[in-house]
Amino acid sequence: MFVVGLTGGIGSGKSAVATLFANKGVTVINADSLAREVVVAGSDAIAQIALHFGADILDDAGNLKRSELRQIVFADKQERLWLETLLHPLIAKLMQNRIANCASSFCIIESPLLLETEQHKLVNRVLVVDVAEQTQLQRAMQRDRNDETTIRAIMATQMSRVDRLQYADDVIVNETGISALAAAVHALHNKYLALAAGNAQ
């Protein structure tokens, strides 16, 4: 299976790009969705999280209080590393399973931490969605209703824009609106179909 890793900083527009590929029939494996899947109420992972952070990190239904956990782990690097050590192997296992069951000509892994984790080893090609840092801030603050300090803390945990671009096989600059984005995705879709066909031979 030919796999494209789709990544970019917070607020860059990864989800919009992923949706455009999905509309063309491409299977998109979303790492954030998998991360939610491994911490469903009653799972072993959520039990360990409650043991580590205290039962107050869960709501009455046994679900994770995500915003509270996010604030804790982005304020304390050691706590973030503890959580990543627990969750990343579980996410990777699910990811490998979804790749094996991918039904489209190629599949996409959409992940904000593709390059910061072992996930990049699962892909044949890296597609980076790139925007200026100020654009990231404005979009993420508007979308998530978080303050600038929180968004900057999240950005600080992600690979720098310069480093991320060095790993890119393909880049979409997402500063000019949806029509330009759609055109870029259309061109890459044709490119990846050709690469996937060559890969299968």
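Derivation of every value follows stated rules applied to the coordinates shown; laboratory data play no part. This structure is a prediction, so every number in the text was calculated from the model and none was measured. Here Cβ is always computed from backbone atoms with ideal geometry, including for glycine, and neighbour counts include all displayed protein chains.
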C-alpha center-to-center spacing [segment 62-96, segment 1-40] in angstrom: 18 Å
Rounded if a/c under 1.5, otherwise prolate or oblate - segment 33-106, Cα gyration tensor axes: prolate
Exposure proxy ranking, count of Cβ atoms within 10 Å, fewest first, for PHE53, PHE21: PHE53, PHE21
Order of LEU114, LEU64, LEU81 - criterion: other Cβ atoms within 10 Å of each residue's Cβ, fewest first: LEU81, LEU64, LEU114
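Computed FRET efficiency, Cβ-Cβ of ARG145 and ALA187, R0 35 Å: what is it to the nearest 0.05? Kindly include the intermediate steps, with their values, before the conclusion.
Values: r = 34 Å, r/R0 = 0.97.
Given R0 = 35 Å and the Cβ-Cβ separation, E is 0.55.
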Assigned charges on the beta-carbon of Lys, Arg, Asp, Glu; segment 80-147 dipole about Cα centre (debye): 240 debye
The chain shape via C-alpha gyration tensor axes, a/c threshold 1.5: oblate
Exposure proxy order (Cβ contacts within 10 Å, fewest to most) of LYS14, LYS24: LYS24, LYS14
Local electrostatic count at LEU137 - Lys and Arg +1, Asp and Glu -1, tallied over other residues with Cβ under 10 Å: 0
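Within segment 2-200, what percent of beta bridges assigned by DSSP are antiparallel, to the nearest 5? Walk me through the intermediate numbers first.
On the way: 1 of 18 bridges.
About 5 percent, rounded to the nearest 5.
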Three-way shape label, segment 113-201, alpha-carbon gyration tensor, a/c 1.5: oblate
Charge-dipole axis of the chain as Lys and Arg at +1 and Asp and Glu at -1 on Cβ define it, positive-most pick from ILE49, SER104, LEU127: SER104
